[in-house]
Amino acid sequence: MKIAYSNKRLGRGKRALISLANQIIEEYQAQDFDVTLRQLYYQMVARDMIPNTVNSYQRLGKAINDGRMTGLVDWEAIVDLTRELRGRNHWDSPLAFIDDAATWFHKDLWVDQSTRPEVWVEKDALRNVVHRACTRFDVPYFVCRGYPSVSEMWLAAQRILERTRNDQDTIIIHLGDHDPSGVDMSRDIFDRLDTFLGHEGVDEWLEVKRIALNMDQIQEYDPPPNPTKLTDSRAGKYIQQYGYESWELDALEPNTLITLIQNKIGEVIGDLDQMKVRIKEEIHGQQRIKNTRSLLH
C-alpha cells in the first residue's frame, strides 16, 4: 500500500535508488516473502546496484524512508521483525473458528523416524524464510539471534534426551553467517549441548550439521563480502583460515535457502512411506473437524 504523507521533492539520484529498490521489493512480494531493509540492501549489492559500504546502507535506509513518506514505496514492503504488536486472535463466528481449527490439527510426522531434525538459524531476519522451509515437513525451527542463551541450550538438551529414550537420534541443521562468530556458533552449539548431555557417546545420537553459509556456497552464489571484524575475539583464527573477508547469510536468495534446508530435511527422512501414512491421517483428521460444522447449524 503506497500512501503519500509528504510532498517533499526527491532528487534524481534518490528516486533512481528507490526505483531499483522497488524492483527487488516487487520480486519478494510476488513470491510472498517479507523483506527486511538489510536483506534488500544485500540483494542490491549482490546485483551491483549499489556499493557495499556503510554509507551506502545508510543512504538506502534514508531513501526508503523518504520513498514511503512520498508514496513511492509500499508501506507494507519492508518489515521490522524486532518490533511487532501482539494480541488475541478473533473470529466472526464459531463456524469460522472451526474452519481455522481444522488447519491447526497436525500429526507428528517424525514419530516413526529414527532421526528427528531441528533447524537453527542465527538471524531473526530469516525467520519467515525458515518457517516456510520447515512447516511443510513438520520440522521445528529456532531463531538463535547469535549465540543461543544457556537456558535455550539446556532446554534443547532435555528435548534430545527425551528422544534418546524413544530411540530417536537428533540432527540440528544450522545456518549462520560466514564470519568469525557465525562459523564458531556451529561448534559452540555441539560443545554446549555435549556438556548438558553428559559427554559420553553424544556424537552417536546427536549431529550438528552446518548447511549454510559455507565456502562452497560463497564460491557458487558469490554474495557480497564484508571486512572481517577485527574486534571479534575469534577473528585471528578465522583470518588464518579464510582471510579478511566475511559474508552474511541474508545475502542468499530466500528460495536458495529454502532449497538448502528442504534438501537436508529430505536426507534425514528414513521411512518415507510411514511419513506419507501420517500425512494421510492428518488430512483425515482435519476433514473430521470440518465435518463438525454441521452440528452448529
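Every number in this text was worked out from the coordinates using simple rules, so none of it is lab data. Every value quoted in this text rests on a predicted model; they were computed, and no experiment measured them. Note that we place each Cβ from the backbone using ideal geometry, even for glycine, and neighbour counts take in every protein chain shown.
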Selection of trypsin sites (Lys or Arg not before Pro), the range 60-144, meeting DSSP coil and at most 14 other Cβ within 10 Å: 83, 86, 88, 136
Options (1) 51; (2) 47; (3) 57 - which one matches percent of Cα pairs over 26 Å apart as calculated here: (3)
Too-long pairs where the Cα-Cα distance tops 27 Å, listed order kept, from 209/280; 8/123; 209/237: 209/280; 8/123
Residue 119 long-range amide H proximity, modeled H, under 5 Å: 141, 142, 173
Overall form of the range 113-270 per C-alpha gyration tensor (a/c, 1.5; a/b vs b/c): oblate
Aspartates and glutamates with Cα under 15 Å of residue 229, excluding same-chain neighbours fewer than 8 positions away: 177, 179, 184, 245, 248
Charge sum, other residues only, whose C-beta stays under 15 Å from residue 32's C-beta, Lys/Arg counted +1 and Asp/Glu -1: -3
Computed over the chain: relative contact order in percent, which uses C-alpha pairs under 8 Å that are six or more apart: 22
Highest-MSF residue in the chain out of 101, 77, 21 [GNM, Cα springs under 10 Å]: 101
Spatially proximal aspartates and glutamates relative to residue 2 (Cα-Cα < 19 Å; intrachain offsets below 8 disregarded): 26, 27, 32, 34, 66, 74, 76, 80
Spatial separation of Cα centroids for the range 63-99 and the range 187-220, in angstrom: 36
Calculated [θ] (222 nm, deg cm²/dmol) that DSSP helices of n ≥ 4 give over the chain, each run adding -39,500 (n - 2.57): -16000 deg cm²/dmol
Loop-exposed GluC sites (Glu not before Pro) per DSSP, neighbour cap 15 Cβ within 10 angstrom, longest uninterrupted part of the chain: 85-199
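Give me the dipole magnitude in Debye, nearest 20, for the chain about the Cα centre, with unit charges on the beta carbon: positive for Lys and Arg, negative for Asp and Glu.
On the way: 38 positive and 46 negative charges, 302 e Å.
The calculation lands at about 1440 debye.
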Dipole-positive endmost among 106, 79, 139 within the range 60-143 (Cβ charges, Cα centre): 79
GNM result for the chain, Cα springs below 10 Å: residue of 85, 193, 252 fluctuating most strongly: 85
